[in-house]
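Chemist: If you scroll down you'll find the structure; I have some questions about it.
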Amino acid sequence: MTGTWNASIRRKQLLYGSLTLFFVITQLIWVGVPILMTVLWSLVDPQHPWSFPDLFPQKLSWAQWAYVFKYTNIVRALKTSYSVAPLAVILSFLLSLPTSYVLGRKEIPGKKFFMLVVLLPIIMPGMVVALFLSRVFSAFHLSQSFLGLVLAHTLMGLPYMIRVLTTSFESIPQDIIDAAENLGANTFVKIKDIFLPMVRPGLLAGMIFAFTTSIEEFNLTFVIGTPTFETIPTILYSFLGYNFIRTNASVVALIMMTPNIIMLFIVERILKADYLSASLGKV
Amino acid sequence: MKRTVVLLLGLLLVTGTLFAGGAKEAPKAAPKIDLQTATWDQIVAAAKAEGEVTFYAWYFPDYFKEAGIDFEKKYGIKANVIIGDQTANFNKAIAEKDQPVGTIDVMIVGGQWVKTTMDLNLFYGPLKNIIPEADKLAPSLWEVQEGVLTKGYLAPFHRNQTGILYDPEQVKNPPQTWEQLEAWIDANPKKFGFNDPSKGGSGQSFVHSVIAYTTGGLDKYKGDTDLVPEKVANWDKAWKWLQDRKDKLTITVSNNDSIIRMNGGEISMTVAWDDNVSDMMAKGNLFKRAKMYIPKFGLAGGGDTMGVLKNAPHKAAALLWIAHITSKDQQIKKFQMVKAYPARTDLTIEGTLLTEEDRKNNAIPWFPAPYKSHMISEFVKNVMMK
């Protein structure tokens, strides 16, 4: 009996071990290899091209990095990207809060239609949105201005923020709200002690989406922002678009990717640590 | 948790406002002169009064940045060089077309955008009678670019040419005649590549040559401004030639993709632009042993031009920028930095990827634009979709 039980445990351990190994290998291939390739391409020495049949570059150097920093406006672009993104995140949160509350907690006619409408900016091709919106921005004298750029990025982050926050609002149990009302909680107390603590995990997830969307936004920024403002993707696309130069594109991609990954890890840690307590409002 | 979120939001706000840059200054008022009749000295003075120029390109960031620094040193005029993406550059210019004052002064014009932008009447001109030493710049390119009549509105600033790029370790005797190319493709399936013509000029050049060879040459199209249906009636022969070899040809997605696939060993021979190849080689994206030539059956070439936008905020400075880029010093500097063949015909250049003899004997002109547009759409219909 004990032998059969041990064999069953061993089978389970083997299954879990195999699944873990499969997951690790898949992640390495899916995420690790492209990142490794990007790093290697960014370090290819211009005098020693990385060509078939070489498995690895013959010689590594910082020449591609030096090229990007010397000949592109990457420093200016970094400053702009990391100025616009935080403000766009805050603004998209503030603007999406009332919409998400209504869509998540209230029964309104045409709710599904509105849920679809808020996704339009990300459903439509980026350049089409950019070309139409550029007219609106110009009419309001928002082109070539920092405020215009923040508003444009806010617009692109809003669909993500609204969807995530709507789901968070939807998942708040009505019992808790009813209990609070029975105990005499007014609207302000309900917002402070129930809604906000319980949508925090959603807020953090929305912030990640809105932040990365802003950092990666190209079309609208290019049409209404340049030449006064350049962001990291406007530099990246010059190497990644029609004139695809893999070595330089790798450098800019890594510059764009690294802060995002760091932020993702930080937020992920916060989410994990506080998710349960936040969802119960015990913070 | 509450503290973390507040801290995070606070941090976002502080970093955001800390880095926030100021808005661009309004363009300076330039002296009101008629650029078509003004003397060059008056134009230079007007350009200096304008104080800056904004130039959009999509390649050679190294050269154009240096050219911008030289421009500022020489004239005291600030040069904003924006290296974007080709499609995005034209989309932006078109989006701003109806504004009284746009944000782009001067931009590179090339590829399949020549026809669209000329049809949209996007550019100021003609420039040919304004730019000093305009007669020294490739005369045919002043008139026709990629088969489109440009009538002196677009200033040539470099010439480029398509040719066959090959790996000498894989191809010992590169084909010269059409029959030799056919035989090589048949003997080396999937080793010859060209890009989808809707995605880049080098693929267009190859299909252009396929049409020339299979349908009786290019002379009959000369001078046509509209497509004559009778003249394209036998193009089915060209599509049949391509369909018959579809399994033996590698169709890539862009000019650069063809070069990248050769560097990766997937193909051994491809059609490519000479300036593209030089740039990729210099940046470590293509092996140095690669060789290039124009075969005897001929491949098309041309060049890129610069156009001044009709609603450019600094028109005089834009004209001065073109004069600067096409000056002898800058044309030589450009060749030294990025190996782009000068547009000036009064320069003797050595060390080019393609020989002068090849250019002289084997380079062929494009057929007119309506045929080129037809070629691209018919290729998609008859080759890509079948």
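The values are calculated or read from the model by the stated rules, or taken from the named source; none is laboratory data. Everything numeric here is computed off the predicted structure, so don't read it as measured data. Cβ sites come from the backbone with ideal geometry, for glycine too, and all protein chains shown count toward neighbours.
Chemist: Which residues, taken from the stretch A:182-203, are in a helix (DSSP H, G or I) and in contact with an Asp or Glu (Cβ under 9 Å, 6 or more places away or on another chain)?
Modeler: Scanning the stretch A:182-203 gives A:K190, A:R200, A:P201.
Chemist: So which helices (runs of 4 or more DSSP H) stay within the stretch A:86-156 end to end and still have 3 or more residues that are surrounded by 12 or more Cβ atoms within 10 Å (Cβ to Cβ)? Before you say what the answer is, go through the steps one by one.
Modeler: Numbers: elements: A:111-117, A:120-123, A:126-139.
Ranges flagged: A:111-117, A:126-139.
Chemist: Applying the selection to the stretch B:82-98, what residues are part of a loop (DSSP other than H, G, I, E, B) and touching a Lys or Arg at 6+ places or on another chain (Cβ under 9 Å)?
Modeler: The first filter runs over the stretch B:82-98 and keeps only residues part of a loop (DSSP other than H, G, I, E, B), leaving B:84-85, B:96-98.
Of everything in the stretch B:82-98, those that are part of a loop (DSSP other than H, G, I, E, B) and touching a Lys or Arg at 6+ places or on another chain (Cβ under 9 Å) turn out to be B:G84, B:K97, B:D98.
Chemist: From (1) assigned to a loop (DSSP other than H, G, I, E, B); (2) modelled with pLDDT of 80 or more, pick out the condition that doesn't hold for A:G281.
Modeler: (2)
Chemist: Further question on the same structure: Considering only the stretch A:44-52, I want to know if a residue exists there that is within 31 Å of the chain's Cα centre (by Cα), closer than 28 Å to B:F64 by Cβ and of a type outside the set (F, W, Y).
Modeler: The answer is yes; a qualifying residue exists.
Chemist: Filter the stretch A:39-67 for residues that are outside any loop (DSSP other than H, G, I, E, B), within 9 Å of chain B (Cβ to nearest Cβ) and farther than 17 Å from B:I260 by Cβ and give the result.
Modeler: A:A63, A:Y67
Chemist: Kindly establish whether B:V271 is within 28 Å of B:D62 (Cα to Cα) and away from chain A (no Cβ under 14 Å).
Modeler: Taking the combined requirement at face value, the residue satisfies it.
Chemist: I've got another one for you. Residues B:I294, B:I259: which one is under 23 Å from B:E169 (Cα atoms), touching an Asp or Glu at 6+ places or on another chain (Cβ under 7 Å) and at pLDDT 90 or above?
Modeler: Checking each option against the conditions leaves just B:I294.
Chemist: Further question: Which is more than 9 Å from every other protein chain (Cβ to nearest Cβ), touching a strand residue (DSSP E or B) at 6+ places or on another chain (Cβ under 8 Å) and of a type in the set (S, T, N, Q), of B:S278, B:S258, B:S254?
Modeler: Checking each option against the conditions leaves just B:S258.
Chemist: While we're looking at this one, here's another question. Kindly indicate whether any position in the stretch A:77-93 is in contact (Cβ under 8 Å) with a residue 40 or more places away in the chain and of a type in the set (D, E, K, R).
Modeler: no
Chemist: Would you mind finding the one in B:I77, B:I83 that is more than 22 Å from B:K283 (Cβ to Cβ) and in contact with a helix residue (DSSP H, G or I) (Cβ under 8 Å, 6 or more places away or on another chain)?
Modeler: Exactly one of B:I77, B:I83 is more than 22 Å from B:K283 (Cβ to Cβ) and in contact with a helix residue (DSSP H, G or I) (Cβ under 8 Å, 6 or more places away or on another chain), namely B:I77.
Chemist: Identify the residue in the stretch A:142-160 that is within 12 Å of another protein chain (Cβ to nearest Cβ) and under 22 Å from B:V101 (Cα atoms) and, among all such residues, is nearest to the chain's Cα centre (by Cα).
Modeler: The selected residue is A:L149.
Chemist: Next up: Tell me, yes or no, whether the stretch A:137-144 has at least one residue that is in contact (Cβ under 8 Å) with a residue 12 or more places away in the chain and of a type in the set (A, V, I, L, M).
Modeler: yes
Chemist: Considering only the stretch B:260-293, how many residues are surrounded by fewer than 23 Cβ atoms within 10 Å (Cβ to Cβ) and in a loop (DSSP other than H, G, I, E, B)?
Modeler: The total comes to 9.
Chemist: List the helices (runs of 4 or more DSSP H) inside the stretch B:294-365, counting only whole elements, that have at least 1 residues being touching a residue at least 60 places away in the same chain (Cβ under 8 Å) and of a type in the set (A, V, I, L, M, F, W, C).
Modeler: B:315-325, B:328-338
Chemist: Applying the selection to the stretch A:82-141, what residues are more than 21 Å from the chain's Cα centre (by Cα) and among the polar types (S, T, N, Q)? Give the steps one after another, and end with the answer.
Modeler: Narrowing the stretch A:82-141 to residues more than 21 Å from the chain's Cα centre (by Cα): A:98, A:101-114, A:128, A:131-141.
Across the stretch A:82-141, the qualifying residues are A:S134, A:S138.
Chemist: Let me ask another. I'd like the residue in the stretch A:250-260 that is modelled with pLDDT under 90 and in contact with a helix residue (DSSP H, G or I) (Cβ under 9 Å, 6 or more places away or on another chain) and, out of all such residues, is nearest to the other protein chains (Cβ to nearest Cβ).
Modeler: Within the stretch A:250-260, the subset modelled with pLDDT under 90 is A:256-260.
Imposing the further condition that a residue be in contact with a helix residue (DSSP H, G or I) (Cβ under 9 Å, 6 or more places away or on another chain) reduces the set to A:256-257, A:259-260.
Values: A:M256: 15, A:M257: 19, A:P259: 11, A:N260: 14 Å.
Taking the candidates together, the pick is A:P259.
Chemist: I've got another one for you. Which residue out of A:T228, A:T247, A:T221, A:T213 is modelled with pLDDT of 90 or more, in contact with a strand residue (DSSP E or B) (Cβ under 7 Å, 6 or more places away or on another chain) and buried (at least 19 other Cβ atoms within 10 Å of the Cβ)?
Modeler: A:T247
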